[in-house]
Amino acid sequence: MKNIEIITLSQKNISDFARERNLLLSKAKSNWVFFLDSDEQISPAEPDLAMLDNDFAGYKILRKNYFLGDYVGSEYLTRLAKKDAGKWFRRVHETWEVKGKVGRIDNPFIIHNTTENLFDYIKKINFYSTLHARANKEEGKKSGLFKIAVYPILKFVQGLARSKHLVFSLMQSFHSFLSWSKLYFLRS
């Protein structure tokens, strides 16, 4: 993409995603930066630089999520912004907090293939749930039997309502269960 630097976060075993993204952001050469994860790609249509309005500091990009080849939903994430417009925050499930006006782009969009197989996805859930528990602890959040028992059920129902995909919803519920359980054991 002309005048937009695409940065793909592809390091293995990252323990603080915001720190890694901010480091890459500080090394960017272009004024506009587009972030992708290693399991993401940009749809074939490329953004025309003319559509990037200098009145905006960044843009939320449509991300279409796929699980084992099945479409499981979409969301908008801030992934395209001016290099100096903001910072990434949070160890995991990080967000790019951009100062200024943030627009929205539907095309191109990000294609997010969460996993190739269930075995790898369970390993991924185990890794991310540990980071999530640590981030929650750093943020002063507490866990208890209610969160361990009820939040995964709510996550399952929410996932099923959004994605209509049973296995994906179960995996999201499992992530919630592990995250809150691990936080409970980090309490000391």
Using the number of other C-beta atoms within 10 angstrom as an exposure proxy, rank L183, L52 with the fewest first.
L52, L183
Let me know the Rg and Dmax you get for the chain when you use only its Cα atoms, in Å.
17.5, 53
Going fewest to most other Cβ atoms within 10 Å around each Cβ, S43, S26 line up as S26, S43
Based on DSSP, what percent of beta bridges with both residues in region 1-108 are antiparallel, to the nearest 5?
65
So how many Lys-Lys pairs in region 4-113 land under 12 Å Cα to Cα, not counting same-chain pairs under 8 apart?
8
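Computed from the coordinates by the stated procedures, all read-outs in this text should not be read as laboratory data. As the structure is a prediction and not an experimental result, all values here were calculated from the model. Virtual Cβ from ideal backbone geometry, glycine too; neighbours counted across all protein chains shown.
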